[in-house]
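The values are calculated or read from the model by the stated rules, or taken from the named source; none is laboratory data. Remember, predicted model here, so these are calculated numbers, not experimental data. Cβ coordinates were reconstructed from backbone atoms using ideal geometry, including for glycine residues, and neighbour counts include every protein chain displayed.
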Amino acid sequence: MAHQAQDRDVDALEQALDNALGTRHGQRVDDGFKGHKVVNEVLDRTTVHAIYGMIKSGILLRVNGVVSAGKESVVFWATGKDGADVALKVYLVSTSNFKRRASYMEGDPRFKNIRGGTRNMVYAWAQKEFKNLSGAHSAGICVPEPIAVDKNVLAMSFVGQGGVCAPTLNKVRATYSEYEETIAIIESLYSKASLVHSDLSGYNLFRTGGGVTVFDLGSAVDLRHPSSLAFLKRDISNVTDFFVRHGHEVKNPRDVLARITQ
Ligand SMILES: Nc1ncnc2c1ncn2[C@@H]1O[C@H](COP(=O)(O)OP(=O)(O)OP(=O)(O)O)[C@@H](O)[C@H]1O
Ligand SMILES: [Mg+2]
């Protein structure tokens, strides 16, 4: 009986998630994500069970709609137990990015014992983003606050309001002070959290009322990763190019690198 009741609850959640996939900012969308081919994958039974577990354990109250549907993940806007907005990032269990991801896992001593298979790799990737967020958050760096992770589902604080995320820097004219903040974030990640973001760009930086918030830390590696210095150089170089394109006279990236690693 208990099992049947749970099955019904999971079915109901699956229906609610299906609705959420056709809803953005609380509004139905005709061109919604429901037609998107990833939908079946997003709603695979294991994923629905993982989200159900978060509701059962009181972490989440409900899932409201979709914020973003990308190739690697779908991000839902959900409500947490205290009524606060939560971002629910669901990693898609697909083989396409297996190789790219492997190069950000192998060599990071925190992830030595990953079992084979795409599914385990995706679960490990979600764990990795959660750990990276935890390390950065406890070091006082502006990142979404990690709340929970289970399988391919990561819950974190929502950056934005009413289901609309804060603008990313690639969508606005970024300011010089945002350049300085971004460099300070790279520096704090390195020196206080022993991390290199490794995928830094205007797409992964939010403009908020309280300054720049960095997110999408799945690729971030521990400093002991053999490529951490190369990734750091690339992050600094990408950020430099980005702010030059936005019309700013910025510091020499070599000097920035030297100061950070001194
Ligand atoms: N904590 C958050 N709060 C609000 N919105 C978020 C949050 N995290 C992610 N998003 C939204 O989801 C989008 C994708 O998130 P993210 O960059 O972490 O995933 P991704 O796997 O790189 O996605 P994509 O494949 O689309 O690049 C962001 O651009 C933003 O719109
Ligand atoms: Mg991203």
Checklist entry - Limited to region 195-215, what total is found for residues that are surrounded by fewer than 24 Cβ atoms within 10 Å (Cβ to Cβ) and either without any contact (Cβ under 8 Å) to a residue 60 or more places away in the chain or more than 23 Å from Ser103 (Cα to Cα) (or both)? => result 13
Next on the checklist: I'd like to know if region 173-193 contains one or more residues that are closer than 22 Å to Ala126 by Cα, crowded, with 18+ Cβ neighbours inside 10 Å and within 15 Å of ligand 2 (Cβ to nearest atom).
Outcome noted: no
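How about region 122-172: which of its residues are of a type in the set (Lys, Arg) and either farther than 25 Å from Gly107 by Cα or not in a helix (DSSP H, G or I) (or both)?
Lys151, Lys171, listed by residue number.
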Checklist entry - Mind checking whether some residue in region 155-177 is at pLDDT below 95, out of contact with any helix residue (DSSP H, G or I) (no Cβ under 6 Å at 6 or more places or on another chain), farther than 16 Å from Val196 by Cα and of a type in the set (Lys, Arg)? => result no
Checklist entry - Would it be correct to say that Ala126 is within 16 Å of ligand 2 (Cβ to nearest atom), in contact with a strand residue (DSSP E or B) (Cβ under 6 Å, 6 or more places away or on another chain) and in contact (Cβ under 8 Å) with a residue 12 or more places away in the chain? => result yes
Next on the checklist: Being among the hydroxyl-bearing types (Ser, Thr, Tyr) and within 16 Å of ligand 1 (Cβ to nearest atom) is the filter here; which residues of region 52-72 pass it?
Outcome noted: Ser68
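So that you can scan it fast, the table gives a plain yes or no per residue for (1) away from ligand 2 (no atom under 16 Å from the Cβ); (2) outside any helix (DSSP H, G or I); (3) modelled with pLDDT of 95 or more:
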residue: Leu200; (1), (2), (3): no, yes, yes
residue: Ser219; (1), (2), (3): no, yes, yes
residue: His225; (1), (2), (3): yes, yes, yes
residue: Leu229; (1), (2), (3): yes, no, yes
residue: Ser237; (1), (2), (3): yes, no, yes
residue: Thr240; (1), (2), (3): yes, no, yes
residue: Glu249; (1), (2), (3): yes, yes, yes
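Just a yes or no: is a residue in region 113-121 among the hydrophobic types (A, V, I, L, M, F, W, C) and part of a loop (DSSP other than H, G, I, E, B)?
If we filter region 113-121 for residues that are among the hydrophobic types (A, V, I, L, M, F, W, C), which is where we start, we get 114, 121.
With part of a loop (DSSP other than H, G, I, E, B) added as a condition, the list becomes 114.
Checked against the condition, which is being among the hydrophobic types (A, V, I, L, M, F, W, C) and part of a loop (DSSP other than H, G, I, E, B), region 113-121 yields at least one hit.
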